[in-house]
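Asker: Quick one: the structure is below, questions incoming.
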Amino acid sequence: MDTYDEDVTIREVGLRDGLQSIGRVLATEHKLAWLRAAHAAGLREIEVGSFVPARLLPQLADTAELVAFAKTLPGLTVSVLVPNLKGAERALASGADLMLLPLSVSHAHSLANLRKTPDEVIGEIAAIRAARDAAGSSCLIEVGLSTAFGCTIQGRVEPDEVVRLLRAALAAGAERIGLADTVGYADPRAVQELFERCLAVAGDKLTCGHFHDTRGLGIANVVAAWQAGVRRFDACLAGIGGCPHAPGASGNVATEDLAYLFASMGVPTGLDFAALIALRERVAEWLAGETLHGAVWRAGLPKTMLTAT
């Protein structure tokens, strides 16, 4: 099969990764409308929220309600982020299809973000896998290796440590692995080299690339990961999101920009570009005054490309 014929999946993470960095709490009714419109635009995997204490992130307090609604949308994989075993238990109770567990490769970032060392998080992953299995749930367990390309607190992150923790996460029961450039330090060469090395270890369990556009290389890094063999990527509508430990971060790669990227290369994503832009306009109204990002929405599609699929 020609690689250009292989479908690419874009997981929309704006409702979690995007909104968690915005202080204003978006009304649940708007989030439900966002979900409905994102599904109508062709998105078939959406991260709808995170099971964290409401006192810490009131923005995500309605995650269970969003999961319940998302489960009514046909063909949708409903994804949530969980920081620990308690969050995983809530995810299992909600009926989510997939839970994403963040594992910082950077020791310093792990302590700042989760107050645990990376190896303590590995122990939590094993406990979550045991709880999932005991519950008889089919909820997939995905581990996102964050700060895999560098850290604003620690600085350099060694590729050997990425591989060590990848092996440990798989041994602890992770069924999927993703690599994340949490703070926007990656470049295409580093992305291709690290993904190729990790794919040699994890095979088809390495399923996702998560890139931030902090220094304008987000799209280039997506292409590098795609060339290495990755066929699933996280993105945020309007390029919102970011990391509290990455001052000046502009956000995740924009969903509509990835839709255009792959459509321009003739790579199928199943996404409707016009519907994504219409949703972006609604999100801009809901988040009036917030800084949004992305490039393609300003100019639209070129005359040489009539549809984005």
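Every number here is computed from the coordinates shown, using simple stated rules; none is lab data. It should be emphasised that the depicted structure is a prediction, and the values quoted were computed from it without experimental measurement. Cβ coordinates were reconstructed from backbone atoms using ideal geometry, including for glycine residues, and neighbour counts include every protein chain displayed.
Asker: List the relative contact order of the stretch 3-299 as a percent without decimals, with contacts defined as Cα pairs under 8 Å and 6+ residues apart.
Answerer: Across the stretch 3-299, relative contact order equals 20 percent.
Asker: Could you please state, rounded to a whole Å, how far the C-alpha centre of the stretch 67-145 is from the C-alpha centre of the stretch 37-62?
Answerer: Centre-to-centre distance over Cα atoms comes out at 14 Å.
Asker: Who wins for biggest fluctuation among Arg176, Arg11, Arg156 in a Gaussian network model of the chain, springs between alpha carbons below 10 Å?
Answerer: Most flexible of the set in this elastic network: Arg156.
Asker: Using 7 Å Cα-to-Cβ label points, what is the Ala127/Ala220 separation (nm, one decimal)?
Answerer: Label-label distance for Ala127 and Ala220, simple model: 4.2 nm.
Asker: To continue, here is another question. Using every Cα-Cα pair within the stretch 3-299, state what percent have a distance larger than 36 Å.
Answerer: When every Cα pair of the stretch 3-299 is considered, 8 percent fall beyond 36 Å.
Asker: How far, in nm, would the chain grow between Arg36 and Thr72 when pulled straight, counting 0.36 nm per residue and subtracting the alpha carbon separation?
Answerer: Between Arg36 and Thr72, full extension yields 12.0 nm more.
Asker: Another question about this same structure. Using the beta-carbon distance between Ala112 and Ala61 and R0 = 30 Å, what value does 1/(1 + (r/R0)^6) give for FRET efficiency, to the nearest 0.05?
Answerer: With R0 = 30 Å, the Cβ-Cβ based efficiency is 0.85.
Asker: 222 nm [θ] for the chain, helices only, -39500 (n - 2.57) per DSSP H run of 4+, per residue, to 500?
Answerer: The helix contribution divided over the chain gives -12000 deg cm²/dmol.
Asker: Put +1 on the Cβ of every Lys and Arg and -1 on every Asp and Glu Cβ in the chain; which of Ala148, Leu26, Thr72 then has its Cα farthest towards the positive end of the dipole?
Answerer: The listed residue farthest towards the positive side: Leu26.
Asker: Moving to a separate point now. Suppose every Lys and Arg Cβ carries +1 and every Asp and Glu Cβ carries -1, with no other charges. What dipole size does the stretch 171-309 come out with about its Cα centre, to the nearest 20 debye?
Answerer: The dipole of the stretch 171-309 has a size of about 180 debye.
Asker: Follow-up. Can you work out the Karplus-derived ³J(HN,Hα) for every residue in the stretch 47-59? Use 6.51 cos²θ - 1.76 cosθ + 1.60 with θ = phi - 60°, whole Hz, and x for glycine or proline.
Answerer: These are the phi-based 3J(HN,Hα) values: 8, 8, x, 8, 8, 10, x, 4, 5, 7, 9, x, 4 Hz.
Asker: What list of ³J(HN,Hα) couplings, whole Hz, do you get for the stretch 131-137 from phi and the Karplus terms 6.51, -1.76, 1.60, once you set θ to phi - 60° and write x for glycine and proline?
Answerer: So the J values, rounded to whole Hz, are 5, 4, 5, 5, 7, x, 7.
Asker: In the chain, what is the count of Lys pairs whose alpha carbons are under 29 Å apart, counting only pairs at least 8 residues apart or on separate chains?
Answerer: Taking the chain as the scope, the lysine pair count is 7.
Asker: Another question, then. Quick one: Karplus J couplings for the stretch 163-171, per residue in order, coefficients 6.51, -1.76, 1.60, θ = phi - 60°, nearest Hz, x for Gly and Pro?
Answerer: My calculation for the stretch 163-171 gives 5, 4, 6, 4, 4, 5, 5, 5, 5 Hz in order.
Asker: Please list, ordered by chain and number, the residues whose modelled amide H lies under 5 Å from the amide H of Phe149; skip anything fewer than 5 residues away on the same chain.
Answerer: Excluding prolines and chain starts, which carry no amide H, the hits are Thr182.
Asker: Using the crude model of +1 on Lys and Arg Cβ and -1 on Asp and Glu Cβ, and no other charge, please compute the dipole size for the chain relative to its Cα centre, in debye to 20.
Answerer: So the magnitude is around 480 debye.
Asker: Let me spell out the model: positive unit charges on the Cβ of Lys and Arg, negative unit charges on the Cβ of Asp and Glu, origin at the Cα centre of the stretch 100-176. What dipole size does that give, in debye rounded to 20?
Answerer: So the dipole magnitude of the stretch 100-176 works out to roughly 80 debye.
Asker: Quick one: which residues, 5+ away or cross-chain, put their amide H under 5 Å from the amide H of Val78? H built at 1.01 Å from N.
Answerer: Answer set, sorted by chain and number: Asp97, Leu98.
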